[in-house]
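Structure first, commentary second.
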Amino acid sequence: MVVSERSFFEDEFHEACELARNMIKEMEYPVIITHHDADGISASGVLMSFFKKEPIKIVVLSGFDPVRAMKISKLRAENIVFLDLGSGQVNTIKRYLSGAQKIVILDHHKPEIAEFRPDFPRKTEIVQVNAHLFGLDGSKEISGAGVAYAVTKLRPELALVGAIGDMQFRYHEKGRLVGYNYTHILPNSAVEERLDITLYGRETRPIYVTLGYCTEPFLPGLTGDKEACLNFLKSLRIPLKDEYGGWKTIADLAPEEKTKLVDGLVKLLIRNGVPLKKYKSLVGFVYRLPNEKPFLRDLREYSTMLNACGRLKRYEVGLKVVQYDKNVYDREKAIREAAGVLVKYKKMLAEGIKALNDVKKGGLIESLPNITATYVKDVINDRIVGVVLGMALGGRIIDFKKPALIAADMTEQEGMVKISARALKEHIKRGVNLREALVKAKNELKLEKSEAGGHDIAAGAIIPKEKLREYIKHVDEKIGEQIMWRA
Ligand code: C5P
Ligand code: C5P
Ligand code: ZN
């Protein structure tokens, strides 16, 4: 199978991985700096397995910017490993952390400096293993945890949890992982891939609850009405409970029962005039770890749980969940705790969506020529604002004809706003590249203390609040130029 349309320099990539592995192996008292999402926490799990006995310090961040860099410089760490971030901030690292002896960056975001060994003051030995430097597309073919796996050859399952957390399955029309994820990681992992019903909660929720919560697609008459879901399932003669009286999940159903369920749902959608495009994702590729605890068996649920821990700042819980070599009792306890964190996270997301709907009703979603932009002040927490925007695009709360940008006040940095931007595949085909637009706008406005980065389809930035209007205008212009050049 072809890894990508461009050529993948496999030998060079693996040589770079080996070099980084040797460098990491020699590190004493390493400090790991990682991203707070599922990919970053998975990547930390990979590194924790690698370091096993070393005392290591893990710093989990929602982003890396000059303020955080300055704080980290106070740790006076000699050995630093950046995971799932760092490549977009090499200049910041250079400015604040060149006191370190060894720095290794393992990342999949488009690099600011496209070199394996970026130029640094002589004392510091620095390498960055970044997917993009070797012809891999870091947005879709490998995650941050995937790069950590390529370097350590450990924990391929976590590498895939990272990829699923970063939505790398979304590029294939049936939700299949592609690129390095598919060719090099999946075959070496215990993860099973199969075509199945994709509905979220397929391993953990009673079937009627799964249907009741389903918004992608919206199930007319069922979404939001559990009683109706129960009646619907009864009318299809799908068994609701197992022989012990416990609720069955979708994963528990026999193949012919799954077929009955899909048939029933498709008929319901057709009856309600829902176009095929909206529900063909009902059946797609699912990824599962058959021997994991139910909460973690489906990789989408696993990654959501890690996201919840990261974004609600319960890092210690997330980090225990990804440590297989941890005391079994401890890990099980952590998984139970994580389940509680997940409930809170879901509640926050639901509140976020509600808040966004209110903003919409108030007419505060601004429609510019090439993007829509929303400033939610402190109504939505800056750590979840990107996830809320992604859901809003999926749920069509925000106009999806144009890429969308959302800004929220940062809770931890007075006077700064967190920006998240999301586009659809169709926008990318027309030339949109959110990362480029956000970075260029930042540079044009000479926002020195700001940061911007990400991928073509999803990007983010942290900028001063007083520059927000001007910044949005610049981003809109950049997107306009991208579409014009492509047209
Ligand atoms: O920081 P990082 O690269 O790990 O995160 C990627 C982000 O891009 C995630 O928030 C993910 O939800 C988003 N994404 C998306 N749509 C895609 C691919 C990624 O919203 N098709
Ligand atoms: O924070 P959010 O989920 O919106 O981020 C979308 C993408 O942009 C992620 O891949 C994230 O790592 C990246 N990002 C970045 N620099 C920032 C903010 C976000 O590279 N300052
Ligand atoms: Zn990532």
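Structural remarks
- Averaged over residues, the count of other Cβ atoms within 10 Å places the peptides 26-32, 87-93, 9-15, 312-318 in the sequence 87-93, 312-318, 26-32, 9-15, highest first.
- Which of Cys17, Cys229 has the fewest Cβ neighbours within 10 Å, and the rest in rising order: Cys17, Cys229
- Value of D in µm² per second that Stokes-Einstein yields for region 67-143, Kirkwood Rh from Cα pairs, at 10 °C (1.306 mPa s): 127
- The Rg/Rh ratio for region 363-486, using Cα coordinates for both the radius of gyration and the Kirkwood hydrodynamic radius, is 0.93.
- About the Cα centre, charge dipole magnitude for region 363-486 (Lys/Arg +1, Asp/Glu -1 at Cβ), debye: 420
- Rounded to whole numbers, the Karplus 3J(HN,Hα) couplings from phi for region 183-193 are 7, 10, 9, 3, x, 9, 10, 8, 6, 9, 10 Hz, using 6.51 cos²θ - 1.76 cosθ + 1.60 with θ = phi - 60°, and x at Gly and Pro.
- Segments 273-285, 183-195 sorted - mean Cβ within 10 Å per residue, highest first: 183-195, 273-285
- Each label was represented as a point 7 Å from its Cα along the Cα-to-Cβ direction; for Asp378 and Met484 these points are 4.0 nm apart.
- Taken over the alpha carbons of region 1-104 as equal point scatterers, the Debye sum produces base-10 log I(q)/I(0) values at 0.17 Å⁻¹ of -0.84.
- Charge tally for Glu481 (other residues, Cβ to Cβ under 15 Å; Lys, Arg +1; Asp, Glu -1): +2.
- Listed from fewest to most Cβ neighbours within 10 Å, the set Leu177, Leu199 follows the order Leu199, Leu177.
- Least to most buried among Val341, Val328 (fewest other Cβ within 10 Å first): Val328, Val341
- At most 10 other Cβ within 10 Å, DSSP loop - GluC sites (Glu not before Pro), region 408-447: Glu414
- With one equal scatterer per alpha carbon and no solvent term, the Debye-computed log10 I(q)/I(0) for region 199-281 at 0.16, 0.24 1/Å reads -0.56, -1.30.
- Relative contact order for the chain, counting Cα pairs under 8 Å that sit 6 or more residues apart, in percent: 12
- Converting the Cα gyration tensor eigenvalues of the chain into ellipsoid dimensions via √(5λ) gives semi-axes, longest first, of 36, 28, 21 Å.
- Relative to the longest principal axis of the Cα atoms of the chain, helix 38-51 runs at roughly 60 degrees.
- Rounded FRET efficiency, nearest 0.05, which uses the C-beta distance separating Lys425 from Phe218 and R0 of 25 Å: 0.80
- Dipole of region 315-474, positive direction: furthest Cα of Leu434, Phe400, Ile353, with charges on the beta-carbon: Phe400
- When each of the peptides 65-78, 97-110 is scored by how many other beta carbons lie within 10 Å of its residues on average, the order from highest to lowest is 97-110, 65-78.
- Residue-span extension gain [Ser73 to Leu19] - 0.36 nm each, minus C-alpha spacing: 16.9 nm
- Think of the chain as a dipole: +1 on every Lys or Arg Cβ, -1 on every Asp or Glu Cβ, centred on the Cα centre; then among Thr223, Leu160, Val417, Thr223 lies furthest on the positive end.
Bear in mind that the values in this text are calculations on the coordinates, not laboratory data. Computed from a prediction, not measured in an experiment: that's the story for all the values here. Counting neighbours? That spans all protein chains shown, and the Cβs are built from the backbone with ideal geometry, glycine included.
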